[in-house]
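Each remark here refers to the structure printed beneath this line.
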């Protein structure tokens, strides 16, 4: 009788010497080589994707900075003169508190006011206008010829007699504040002498505040962000404590304003914050991405 386990002692087919199957050294070398090629290919793809992602991030950041800058400058330039129903010859008498980023006075003999350095590089633009929504309303009627305005409760706090003194009343006449007593403003509709209102203004007439908004190209960078940048300020004392509170766009490499009649041409150049080794930019191999944007603005309130 044959035992049911008798075939366990037989040799396996193909391995007459009873040894286990495996890879030869040649097969292992081929496998390792193929695996290395696959890993190298995958790593190369990863590096390329990472480089492309970094490059896209650099471009996106630079484009956002330049776009933000040109949109803000264009929008505010378009507002130049709104709220200032005054003669250009008298503008500097009406707007006498404008300053630059260092605190030095700027004479507003034109609106907008463009200041260029000796080398022709534009580094400053000053715009006078009622940029924002009304800050107060008349709580009682003010008739022509009078020189006082009564505002709603607490609304007198929005004004002063230095850098928040110019107002636009009812969207029809400009006045300067000569005195404040709580919520009662004493005003004049003349730049240097006392003169009452030219029009009647009913209760609830809106009052807008005229500001001087400046844009300057800061090139002398000591602290972060280590790059030239564009600043915006409203020439109001105590508004900003630190330089970065004025910074609206980093990496601005040039800021140019050209006046042509009632048209203002704005050109802003941006430069990436870090080198991009995937792009030479055709500028001698500096390996920094660069971008230029332009805008033309017609002055509507001249």
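Read-outs: derived from the displayed coordinates by stated rules, not from any lab. In this text, all values refer to a predicted model and were calculated from it rather than measured experimentally. Note that we place each Cβ from the backbone using ideal geometry, even for glycine, and neighbour counts take in every protein chain shown.
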Considering all alpha-carbon pairs of the stretch 74-219, what whole percent are spaced by more than 20 angstrom?
47
Residue span residue 37 to residue 192: 0.36 nm per residue of separation minus Cα-Cα distance leaves a gain in nm of 47.4 nm
Paramagnetic reach from residue 162 (point 7 Å along Cα→Cβ, amide N under 16 Å) across the stretch 232-247:
234-241
Gyration tensor verdict on the stretch 130-187 (Cα atoms; rounded if a/c is under 1.5, prolate if a/b is larger than b/c, oblate otherwise):
rounded
Please find the FRET efficiency linking residue 181 to residue 107, where r is the Cβ-Cβ separation and R0 is fixed at 22 Å, and quote it to the nearest 0.05.
0.10
I'd like the projected area of the stretch 18-156, averaged over all directions, using the convex hull of its alpha carbons. Report it in nm² with one decimal.
21.7
Taking the Cα-to-Cβ direction at residue 137 and at residue 275 and moving 7 Å from each Cα, how far apart do the two end points lie in nm?
6.1
